[in-house]
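Participant: The structure's right below; bear with me while I get my questions together.
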Amino acid sequence: MIQNAENIKEKEHHHISSYKEHFSTLMALLLLTVITVAISVFGADLRTMSVFTALLIATVKVIVVSYYFMHLKYDKKIYTWLVMIVAILFISFAVLTIIEYLNR
Amino acid sequence: MPNSGHNRDAEASKLGMWLFLFTELLLFGGLFIVYMVYRTLNPESFLIASFELDVAMGTFNTIVLLVSSMTIAMSITAIQLGDAKKSIALLITTMALAMVFLVVKYFEWSAKIHHGLFPGHEVYQNLPPGESLFFFLYFFMTGLHALHIIIGGVIIAVVIYRTNKGLVNQDRFTLTENAGLYWHLVDLIWIYLFPLFYLIH
Amino acid sequence: MTSTALKLNYLQVKKGLFSWIFSVDHKRIGLLYLYSLLTFFVAGVTLGILMRLELLNPGKDLMEAKTYNQVFTMHGVIMIFLFIIPSIPAVFGNFFLPIMLGTDDVSFPRINLLSWWVYIIGAIMALSTLMFGDGPADTGWTFYAPYSVKTGTNVTMAVLAAFVLGFSSILTGLNFIVTIHRLRTPGMGFLKMPLFAWALYATSWIQLLATPVVGITLLMIVAERVFGVGLFDPAIGGDPILYQHLFWIYSHPAVYIMALPAFGIISEVLPTFSNRTIFGYKAIAFSSLAIAFVGYFVWGHHMFTAGMSGPARIIYSIMTFLVAIPTAIKVFNWVATLYKGSIDVQPPLLYSLGFIFQFMVGGLSGLVLGALATDIHLHDTYFVVGHFHYVMFGGTGFAFFGALHYWYPKIWGRMYNKLVANIAFFIFFIGFNLLYFPMMIAGLMGMPRRYYDYLPEFHLPNMISTFGSWVLAVGLLLMLGNLIAGFWRKREKIGRNPWGTGITLEWQTLSPPPITNFDRMPVLPKDGPYDYDHKPDIKE
């Protein structure tokens, strides 16, 4: 029963990311990766901060991947909102759980 | 009926895919919470255990996946521009990179199993508390991740097949986009797995 | 001239088993769910009756302790995973959401069918635990570590079944979210959607986001059992309480998966039988979202005596009190809707009134449990058992049966005997309260739960409760029998709006609906879905 008619609303202009944009995105990600490994291997003084630094840089990478590769920058805003809400939800689970452990 | 559930609706497919990705994020999220708790409870053990992992191999695999994210994103650009051939070539490249990742993983895992560091083996049984948790989480999480790479590979194969047949084309490329989204998710999970397991110090 | 005799309805188009179990029509899928669900419900009730027989007197009456543990585990697994969680969304959501939105199906009809098949596979897996090895799990439906890891009963299969059933729930939620976003009829913004749709929307987000967490947790139990690795074993640096955290991160929001759709039903039934608009539409709509949201952060209230740290317990207790507020808002608005309405006492209204009373009892007892000091005494007693049966059964269960009585004429184009339906309701209601209220008393007196034996001082409440279970069973049988007998009653012509005062879009189409839901484009009321001042003029 699947008809072949396109939904008329979706004939809107669809943004097409360029090859160049994708390549630049990769370069940024590789740079961030190098930084992460460098801090870990050479910056041993940052011991206590290292997990947060690592997660922070990883989060930046994730934002770059979502925003450019996954096209969130050019999609309807609702997708970005949903991703943020889900992220906050997960972080809340983690925070509530770890609060319980840290107070034992 | 203009708003029929039986019409092809690209936006609905995209939304559906994102919703599915949310479930995957929370699925892995549960494991990340376990990791977080147990690392908090056993910080020294986790550090010591992590020395068994090879940072070079982990970094290499990270780069492989990042490049594969680019190639699949480019394959979407290609099909949107009407270049099915290029799209397929980029998809094949993505699959090849995925296989490289899995091969490296295979070597990493077999090295550990060879050293008896697998649940059920003797060395593993005698590990200090906390260290066995590290390794169990390592195998469970990278294993689940590898399963998702295999699934992703199958999905990409389907896209290649359908693009080849012309069923995926410049006017209908939602499948490629959604495959891309799934693939980027696999990349995202690895972006967190890598520092948490390989770069603890 | 359109003759309705020329238009086949969805029941008549294509016949035979295969046309049903491979149907992608949301209405047929809803009924597939209904028939399977009711079957499992009857099995679950039977297990409940058996438990009550064992508890009639202290000491062994019918079964050994271990068997009793298996019975209450199976009872919980069936009732929660096979009945309540799918119930209203999978049956009435599937059947009516597209119609209420003015469209002809959900966004992904094939995924809809898949969700039913996955449900059936999960159900078979769960029931299979009866058939082999050491028998069904005896851990309680909560599968707590370390016992769930160590016991020889069929925990692995039970837990995998729950995983599969969770997948079905996720697919339903995903489908509904996309449907609500994409397929509302032109002119129906979010704030013109019926409240049942709002309820399903909030529920679907919980189904989507919470279920995966328990999914992975159950896989960890399987991993522990299969690989002998202690993930929750303190001897190797693990923590059994972590299992509880992960389990309840889903299972608390799960109770809102059960409650929110029921709230949605009440919000539909009350305007119809008060013949006036709902009081506080926006408050009810947004309170559904608020409950879904806050409900994610209260899970620790199931673990107050497990060994959590003090500050954490205080946080969970505060959050638990907060989540009660939006629910209270709904109750006030429902009562305000009835006030000065033109009340038509029909079976669906009776079930809704029963719901409001019973859900209040359950909800208020929940506050007693949410307060740390009182919970210490009441955790793991029969007070808890009473509490959750009042909200899940007296609440959602009654709403489910109310919905069944409400939409029966629309679904099948027939009507049941209303007098018998009302009598059945009263027997059901009285039986329900005789069964569960004594549990609150027994709990306050100190009777622990999940024990197959008890001290003589708890004998009286247990006897009353068991007697209540028989009255309830009679009421249930009468109710279900009456609904089934409706198929053999002399056929009266059921029009588009058999209750006369229905205003949401399903009351504009034929009873039963045509395969594409509408024979004419639905007309939206002017000022929102419950605009009784400007009822569209619907001709037969």
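The values are calculated or read from the model by the stated rules, or taken from the named source; none is laboratory data. Quick caveat, the model's predicted, so the values are computed rather than measured. Ideal geometry is used to build each Cβ from the backbone, glycine not excepted, and the neighbour counts take in all protein chains shown.
Participant: Which numbered condition trips up C:ARG182, out of (1) touching an Asp or Glu at 6+ places or on another chain (Cβ under 8 Å); (2) more than 8 Å from chain B (Cβ to nearest Cβ)?
Facilitator: Answer for C:ARG182: the failing condition is (2).
Participant: Right, something else. Here is a list: B:LEU193, B:LEU185, B:LEU147. Which entry is buried (at least 22 other Cβ atoms within 10 Å of the Cβ), in a helix (DSSP H, G or I) and within 14 Å of chain C (Cβ to nearest Cβ)? Full working, then the answer.
Facilitator: Details: B:LEU193 fails: within 14 Å of chain C (Cβ to nearest Cβ); B:LEU147 fails: buried (at least 22 other Cβ atoms within 10 Å of the Cβ).
Answer to the check: B:LEU185.
Participant: Suppose we filter B:PHE136, B:PHE107 for residues that are within 13 Å of chain C (Cβ to nearest Cβ), in a helix (DSSP H, G or I) and of a type in the set (A, V, I, L, M, F, W, C); which single one remains? Please lay out each step first, then the result.
Facilitator: Numbers: B:PHE107 fails: within 13 Å of chain C (Cβ to nearest Cβ).
When all the criteria are applied, what remains is B:PHE136.
Participant: Sort out which residues of region C:317-345 are part of a loop (DSSP other than H, G, I, E, B) and either out of contact with any Phe, Trp or Tyr (no Cβ under 6 Å at 6 or more places or on another chain) or without any contact (Cβ under 8 Å) to a residue 60 or more places away in the chain (or both), and write them in order of number.
Facilitator: Pass one, region C:317-345, residues part of a loop (DSSP other than H, G, I, E, B): C:339-345.
Of everything in region C:317-345, those that are part of a loop (DSSP other than H, G, I, E, B) and either out of contact with any Phe, Trp or Tyr (no Cβ under 6 Å at 6 or more places or on another chain) or without any contact (Cβ under 8 Å) to a residue 60 or more places away in the chain (or both) turn out to be C:TYR339, C:LYS340, C:GLY341, C:SER342, C:ILE343, C:VAL345.
Participant: Right, here's the next one. Can you name the residue in region C:294-316 that is more than 9 Å from chain A (Cβ to nearest Cβ) and part of a helix (DSSP H, G or I) and is also surrounded by the fewest Cβ atoms within 10 Å (Cβ to Cβ) among such residues?
Facilitator: Ranking the candidates gives C:ILE314 first.
Participant: Is region B:70-90 home to any residue that is within 22 Å of the chain's Cα centre (by Cα) and closer than 29 Å to C:VAL229 by Cα? Show your work before the answer.
Facilitator: Residues of region B:70-90 within 22 Å of the chain's Cα centre (by Cα): B:70-77, B:87-90.
Filter once more, keeping what is closer than 29 Å to C:VAL229 by Cα: none.
Checking region B:70-90: not a single residue is within 22 Å of the chain's Cα centre (by Cα) and closer than 29 Å to C:VAL229 by Cα.
Participant: Taking region A:86-101 on its own, how many of its residues are at the interface with chain C (Cβ under 9 Å from one of its Cβ atoms), closer than 19 Å to B:LEU21 by Cβ and of a type in the set (Val, Ile, Thr)?
Facilitator: 1
Conditions tested, residue by residue: (1) over 24 Å from the mean Cα position of the chain (by Cα); (2) surrounded by 22 or more Cβ atoms within 10 Å (Cβ to Cβ).
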site	(1), (2)
C:ALA126	no, yes
C:ASP134	yes, no
C:LYS150	yes, no
C:PHE167	no, no
C:GLY187	yes, no
C:LEU191	yes, no
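Participant: Right, another one. Does region B:45-63 contain at least one residue that is under 21 Å from B:LEU193 (Cβ atoms), crowded, with 21+ Cβ neighbours inside 10 Å, facing another protein chain (nearest Cβ under 7 Å) and touching a Leu at 6+ places or on another chain (Cβ under 7 Å)?
Facilitator: Looking for residues that are under 21 Å from B:LEU193 (Cβ atoms), crowded, with 21+ Cβ neighbours inside 10 Å, facing another protein chain (nearest Cβ under 7 Å) and touching a Leu at 6+ places or on another chain (Cβ under 7 Å), one finds none in region B:45-63, hence no.
Participant: Given the condition among the small types (Gly, Ala, Ser), buried (at least 19 other Cβ atoms within 10 Å of the Cβ) and under 19 Å from the mean Cα position of the chain (by Cα), answer yes or no: does some residue in region C:237-257 qualify? It would help to see each step written out before you state the result.
Facilitator: Step one: of region C:237-257, the residues among the small types (Gly, Ala, Ser) are C:237-238, C:251, C:254.
Those left that are additionally buried (at least 19 other Cβ atoms within 10 Å of the Cβ): C:237-238, C:251, C:254.
In the following step, the residues that additionally are under 19 Å from the mean Cα position of the chain (by Cα) were identified as C:251, C:254.
Yes, that holds for at least one residue.
So that you can scan it fast, the table gives a plain yes or no per residue for (1) surrounded by fewer than 24 Cβ atoms within 10 Å (Cβ to Cβ); (2) among the hydrophobic types (A, V, I, L, M, F, W, C); (3) at pLDDT 95 or above:
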site	(1), (2), (3)
C:LEU31	yes, yes, yes
C:SER36	yes, no, yes
C:ILE78	no, yes, yes
C:PHE92	no, yes, yes
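Participant: From the list B:PHE118, B:PHE22, which one is in a helix (DSSP H, G or I), within 30 Å of C:HIS245 (Cβ to Cβ) and not small (Gly, Ala, Ser)?
Facilitator: From the options B:PHE118, B:PHE22, the qualifying one is B:PHE22.
Participant: Please find, within region B:1-14, the residue that is nearest to the other protein chains (Cβ to nearest Cβ) out of those that are in a helix (DSSP H, G or I) and touching a Leu at 6+ places or on another chain (Cβ under 9 Å).
Facilitator: We begin by selecting, within region B:1-14, every residue in a helix (DSSP H, G or I); these are B:10-14.
After this cut, where a residue has to be touching a Leu at 6+ places or on another chain (Cβ under 9 Å) as well, the list is B:12-14.
Details: B:ALA12: 5, B:SER13: 9, B:LYS14: 8 Å.
Within region B:1-14, the match that is nearest to the other protein chains (Cβ to nearest Cβ) is B:ALA12.
Participant: Separate question: Working only within region A:45-66, note down all residues that are crowded, with 16+ Cβ neighbours inside 10 Å, more than 8 Å from chain B (Cβ to nearest Cβ) and at pLDDT below 95.
Facilitator: Passing the criteria: only A:THR53.
Participant: Scanning region A:70-84 for residues that are touching a Phe, Trp or Tyr at 6+ places or on another chain (Cβ under 9 Å) and assigned to a helix (DSSP H, G or I), which turns out farthest from the other protein chains (Cβ to nearest Cβ)?
Facilitator: Top of the filtered list is A:THR80.
Participant: Still on this structure, please answer the following. Against the definition (at negative phi, charged (D, E, K, R) and surrounded by fewer than 24 Cβ atoms within 10 Å (Cβ to Cβ)), how does C:ASP375 come out, yes or no?
Facilitator: Working: at negative phi: yes; charged (D, E, K, R): yes; surrounded by fewer than 24 Cβ atoms within 10 Å (Cβ to Cβ): yes.
Yes.
Participant: Being surrounded by 18 or more Cβ atoms within 10 Å (Cβ to Cβ), of a type in the set (Phe, Trp, Tyr) and within 14 Å of chain A (Cβ to nearest Cβ) is the requirement here; does C:TYR281 meet it?
Facilitator: Working: surrounded by 18 or more Cβ atoms within 10 Å (Cβ to Cβ): yes; of a type in the set (Phe, Trp, Tyr): yes; within 14 Å of chain A (Cβ to nearest Cβ): no.
The answer is no for C:TYR281.
Participant: Right, next: For region C:27-73, which residues satisfy the criterion of being over 30 Å from C:ARG110 (Cβ atoms), touching a His at 6+ places or on another chain (Cβ under 8 Å) and part of a helix (DSSP H, G or I)?
Facilitator: Answer for region C:27-73, where residues must be over 30 Å from C:ARG110 (Cβ atoms), touching a His at 6+ places or on another chain (Cβ under 8 Å) and part of a helix (DSSP H, G or I): C:LEU47, C:GLY48, C:MET51.
Participant: Is it the case that C:SER365 is in contact with a Leu (Cβ under 7 Å, 6 or more places away or on another chain) and assigned to a helix (DSSP H, G or I)? So that I can check it myself, show each step before the final result.
Facilitator: Numbers: in contact with a Leu (Cβ under 7 Å, 6 or more places away or on another chain): no; assigned to a helix (DSSP H, G or I): yes.
The answer is no for C:SER365.
Participant: Only one residue in A:ILE16, A:ILE2 is facing chain B (nearest Cβ under 7 Å), part of a loop (DSSP other than H, G, I, E, B) and either at pLDDT 95 or above or surrounded by 13 or more Cβ atoms within 10 Å (Cβ to Cβ) (or both). Which one?
Facilitator: Working: A:ILE2 fails: either at pLDDT 95 or above or surrounded by 13 or more Cβ atoms within 10 Å (Cβ to Cβ) (or both).
Within the list A:ILE16, A:ILE2, the selection yields A:ILE16.
Participant: When you look at B:THR77, is it more than 22 Å from B:LEU144 (Cβ to Cβ), in a helix (DSSP H, G or I), of a type outside the set (Lys, Arg) and out of contact with any strand residue (DSSP E or B) (no Cβ under 6 Å at 6 or more places or on another chain), yes or no? Working first, answer last.
Facilitator: Details: more than 22 Å from B:LEU144 (Cβ to Cβ): yes; in a helix (DSSP H, G or I): yes; of a type outside the set (Lys, Arg): yes; out of contact with any strand residue (DSSP E or B) (no Cβ under 6 Å at 6 or more places or on another chain): yes.
Yes.
Participant: Let me ask something else about it. Among the residues of region C:169-185, how many are more than 24 Å from the chain's Cα centre (by Cα) and of a type in the set (Gly, Ala, Ser)?
Facilitator: Residues that pass the stated criteria total 0.
Participant: Working only within region C:527-540, note down all residues that are modelled with pLDDT of 90 or more and closer than 22 Å to B:PRO2 by Cα.
Facilitator: Passing the criteria: C:GLY528, C:PRO529.
Participant: Tell me which residues, restricted to region B:155-179, are in contact with a helix residue (DSSP H, G or I) (Cβ under 8 Å, 6 or more places away or on another chain) and aromatic (Phe, Trp, Tyr).
Facilitator: Answer for region B:155-179, where residues must be in contact with a helix residue (DSSP H, G or I) (Cβ under 8 Å, 6 or more places away or on another chain) and aromatic (Phe, Trp, Tyr): just B:PHE173.
Participant: B:ASP83 versus (1) buried (at least 16 other Cβ atoms within 10 Å of the Cβ); (2) away from chain C (no Cβ under 14 Å); (3) not small (Gly, Ala, Ser): which is the lone unmet condition?
Facilitator: Exception for B:ASP83: condition (1).
Participant: Given the criteria more than 14 Å from chain C (Cβ to nearest Cβ), modelled with pLDDT under 95, surrounded by fewer than 21 Cβ atoms within 10 Å (Cβ to Cβ) and in a helix (DSSP H, G or I), does B:LYS112 qualify? Can you show your working first?
Facilitator: Working: more than 14 Å from chain C (Cβ to nearest Cβ): yes; modelled with pLDDT under 95: yes; surrounded by fewer than 21 Cβ atoms within 10 Å (Cβ to Cβ): yes; in a helix (DSSP H, G or I): yes.
Spelling it out, B:LYS112 is indeed more than 14 Å from chain C (Cβ to nearest Cβ), modelled with pLDDT under 95, surrounded by fewer than 21 Cβ atoms within 10 Å (Cβ to Cβ) and in a helix (DSSP H, G or I).
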